[in-house]
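The values are calculated or read from the model by the stated rules, or taken from the named source; none is laboratory data. Remember, it's a predicted structure, so these values are computed and weren't measured experimentally. Neighbour counts run over all protein chains shown; Cβ positions are idealised from the backbone, glycine included. Calculation scope for accessible area: heavy atoms of the full protein, side chains included, ligands and nucleic acids excluded. Shrake-Rupley method; radii C 1.70, N 1.55, O 1.52, S 1.80 Å.
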Amino acid sequence: MNSPETPSKPTHKPRPWVDLLVSIIIPSVILMKLSGDEYLGSVMALVIGLAFPLGWGLFELVRYRKYNFIAVLGVISVGLTGGIGLMELDAGWLAIKEAAVPAVIGIAVLVSTRTKYPLVKTLLYNPTVLDVEKIQAVLKERGSEAEFEARLLKASYFFSLTFLFSSIMNFVLAKWIVTSPSGTQAFNEELGRMTLVSYPMIAIPSMIMMIAIFYYLWRSIRRLTGYTLEEVMAPHLAAQHDSKSSDSASSRQDP
């Protein structure tokens, strides 16, 4: 008797351009250009504009079952922004909210260092990115496990600093750009402008910091194990890398 097949969980593939379009560009255009009474009006523009990142975040959570702390907090953040606008609260609450979300994540990163599952391990040093078993075997063989754990702890501190940077910058941008009363057309336009400006001023620098942290982690692995990055990539990533290399080599050989 055959057992029923268990539906496999869809594989999540990063789609940065879709994320950028749905979470930043479309909401910003709606808030900045369609908030006037002759178009959607301030309330409807706010609802529709924020529905895009909120709906996309919920879709990602449900579709790929990625119920992680940061993703859930992102959905809550969008919901709070909508609540501030719809309830016409003082615009100062927006600056507090913008600063509080990355601050909470940064604190969670620090707290996680006292648990068995530091967030740096979950996000960067995990089997989907690196061949953790291979690395740990060599670290144990060389007696370098304690030194590597110390470097992971330092990476966690660096990681939390990226969220401190985001928290401060979010607060400064919100106080600087969003000055009109919530629930007005001007508030929506300023909110859209803040969303656009936050990408080059906050998201890109934070991304560069994350890359620097991963580079620091990889340099630590390189120093303590002697492996190159290609040798410690997760098996499925290494297979993809080898496949691309062989395809590139064969295309160069073709006349």
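For first residues located in the stretch 26-42 and closer than 18 Å to residue 181 by Cα, partners that are assigned to a helix (DSSP H, G or I) and of a type in the set (Asp, Glu) and lie 6+ apart or on another chain with Cβ distances below 8 Å form the pairs 31/189; 32/189; 35/189.
Return the residue satisfying two criteria in turn: it lies in the stretch 106-125 and is of a type in the set (Val, Ile, Thr) and at pLDDT 85 or above, and of such residues it is least open to solvent (accessible area, probe 1.4 Å). Among those residues, the one meeting the criterion is 109. Scanning the stretch 136-145 for residues that are at negative phi and open to solvent by less than 80 Å² (accessible area, probe 1.4 Å) yields 136, 137, 138, 139, 144, 145. Might you check whether a residue that is out of contact with any helix residue (DSSP H, G or I) (no Cβ under 6 Å at 6 or more places or on another chain) and among the basic types (Lys, Arg) occurs anywhere in the stretch 98-114? Looking for residues that are out of contact with any helix residue (DSSP H, G or I) (no Cβ under 6 Å at 6 or more places or on another chain) and among the basic types (Lys, Arg), one finds at least one in the stretch 98-114, hence yes.
Restricting attention to the stretch 141-154, does a residue exist that is in contact with a strand residue (DSSP E or B) (Cβ under 9 Å, 6 or more places away or on another chain) and modelled with pLDDT under 90?
From the stretch 141-154, those in contact with a strand residue (DSSP E or B) (Cβ under 9 Å, 6 or more places away or on another chain) are none; that's our starting set.
So far as the stretch 141-154 goes, no, none of its residues is in contact with a strand residue (DSSP E or B) (Cβ under 9 Å, 6 or more places away or on another chain) and modelled with pLDDT under 90.
Here the helices (runs of 4 or more DSSP H) wholly within the stretch 146-233 that include at least 3 residues being touching a residue at least 12 places away in the same chain (Cβ under 8 Å) and open to solvent by less than 10 Å² (accessible area, probe 1.4 Å) are 185-198, 204-225.
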